[in-house]
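Every number in this text was worked out from the coordinates using simple rules, so none of it is lab data. What you see is a predicted model; the values in this text were computed from it and never measured. Neighbour counts run over all protein chains shown; Cβ positions are idealised from the backbone, glycine included.
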Amino acid sequence: MEGKWREVTLGDIAELNGATYSPKEGWSFVNYLDTGNITENRISEIQHLVTGTDKIPSRARRKVEQGDIVYSTVRPNQKHFGLMKNVPDNFLASTGFAVIRARDSVADTGFVYWFLAQDHVVDYLHSIAENSTSAYPSIRPSDLESVSIPLPPLAEQRAIAHVLGTLDDKIELNRRMNETLEGMARALFKSWFVDFEPVRAKMAGRDAGLPAEIAGLFPDRLVGSELGDVPEGWEVRALGEVATVVGGTTPSTKQVQYWEGGIHCWATPRDLAALSTPVLLDTERKITDAGLGKIGSGLLPHGAVLMSSRAPIGYLAIAEVPVAINQGFIGIMPHEGMSNLFMLYWCEASQEEIINHANGSTFLEINKSNFRRLAVAVPDTAAMRAFDGLARPLYNRVVLNERESRTLGVLRDTLLPRLVSGRLRIDK
């Protein structure tokens, strides 16, 4: 591999906070990114604000262009940073970010981003932040400028950024695809089991927009029930009659024999909070056989629906692996004929009702007894089977995408430190 690497500082090869917006410029609108709306290159929200109508935050000052890096200067360990792609017009970032733009003649911004995204660099910057005298742990632009970077020739920088960026782009594509697939399954559930649209269409003499064999599964009349109007022939039943509901516990963390060398997945609400889709493939912690023996509900089977029952209520996932749960969960195993996808989306759609049956002085919690008593409008077996037949392929694709993204993420994170340090070279 030709071309020597040289040691530089970020300030040698990049410009920080090069352009600042002033209200005197009179933009008619602003697209604004706050620090909490991006994490590890994933943007959750860009606020579109109209001048004169919306309140534009005073912190909306950093001008951002295509290819810039935004890097939060507050609590770096929260990883609120990203490489900007598809930047909208009039794009401003909070002054809580440093905006970094590499000098094209010597550095590739993508390479710089991946170097700064490394855990050891984040940890280094966070250690500086924790020793700062500001109100919150924070770094200064000068702290970033002083970061030392091993810099390969420009062509190799671009090749490294391309490899890592391609992997990251595929993960992002899978995430967006999963959002679409989940949205389709969620919309189908709402149409059939919340709004009863096929039934209402029949009542109004309209085409339900469904194949005849599926439309024929729905009645043409709604009848009164304790839940209000429900399709004729459907049963209103207590949730505990159509699913087994269990809780969990935490084996003593002081007993190493319950944890050291653990082989069984053990979930806490934190595991679900970290998910981008309602699919649990693994857990942060594992327990041993001895630890599992301390949990009355044992290992819940593949396909169990998990719902956090406190602090907060409502994180949801389907377990794709056998899993034990802690005391912050309700585990739901649907009975024969009841789809776990129906139960997942019912829990999601019924959050207000679930929370209404929660209690607690320190924090709200829905206990198992109250949860079992919740009423569910249960469709007949044929309608349930038809829903599962349409939603299951969507869900299965989400699972495949999640598995692929996990593999790609491990590959990206393994390659990252080796590529940006020169331990692994790319032939161009």
| Can you list the lysines whose alpha carbon sits under 19 Å from that of Lys55, skipping same-chain ones fewer than 8 residues off? | Lys24, Lys63
| remark: In vacuo Debye sum over C-alpha of the stretch 6-151, base-10 log of normalised intensity I(q)/I(0) at q = 0.11 Å⁻¹, listed in q order, is -0.40
| field | Cα convex hull of the stretch 357-410 - mean projected area over all directions, nm² | value | 6.9
| query | Mean separation of Cα pairs under 8 Å and 6+ residues apart, divided by the residue count of the chain: what relative contact order is that in percent? | reply | 15
| When you take every Cα atom in the stretch 188-314, what is the radius of gyration, and what is Dmax, the widest Cα pair distance, in Å? | 21.4, 66
| task | State to the nearest 20 debye the size of the charge dipole of the stretch 271-344 about its Cα centre, where the only charges are +1 on K and R beta carbons and -1 on D and E beta carbons. | result | 220
| remark: Taking the chain and counting helices only, DSSP H stretches of n ≥ 4 at -39,500 (n - 2.57) each over all residues, the nearest-500 ellipticity at 222 nm comes to -10500 deg cm²/dmol
| So which helices of the chain fit the span-like rule, where a helix is a whole DSSP H run, its Cα atoms reach 18 Å or more along the axis, and its mean Kyte-Doolittle is at least -1.0? | 154-189, 381-421
| note | Of all DSSP beta bridges with both partners in the stretch 6-151, the antiparallel percent, nearest 5, is 85
| task | State the answer as a single residue: which of Ala311, Leu374, Val321 lies farthest towards the positive end of the charge dipole of the stretch 305-428, with beta carbon charges of +1 for Lys and Arg and -1 for Asp and Glu, about the Cα centre. | result | Val321
| Counting only DSSP beta bridges with both residues in the chain, what percent are antiparallel, rounded to the nearest 5? | 85
| At q = 0.10 Å⁻¹, what log₁₀ I(q)/I(0) does a Debye calculation on the Cα points of the chain give, no solvent, two decimals? | -0.90
| said: Can you tell me the mean projection area, over all orientations, of the convex hull of the stretch 235-378's alpha carbons? Units nm², please. | reply: 8.5
| field | Size of electric dipole in the stretch 235-378: Cβ of Lys, Arg +1 and of Asp, Glu -1, about Cα centre, debye, nearest 20 | value | 420
| Equivalent ellipsoid dimensions for the stretch 82-187 as semi-axes, Å, which come from the Cα gyration tensor, largest first | 29, 22, 14
| field | Cα extents of the stretch 271-350 along the three principal axes, largest first (Å) | value | 37, 29, 20
| What does the charge dipole of the chain about its Cα centre add up to, to the nearest 20 debye, if the Cβ of each Lys and Arg holds +1 and the Cβ of each Asp and Glu holds -1? | 600
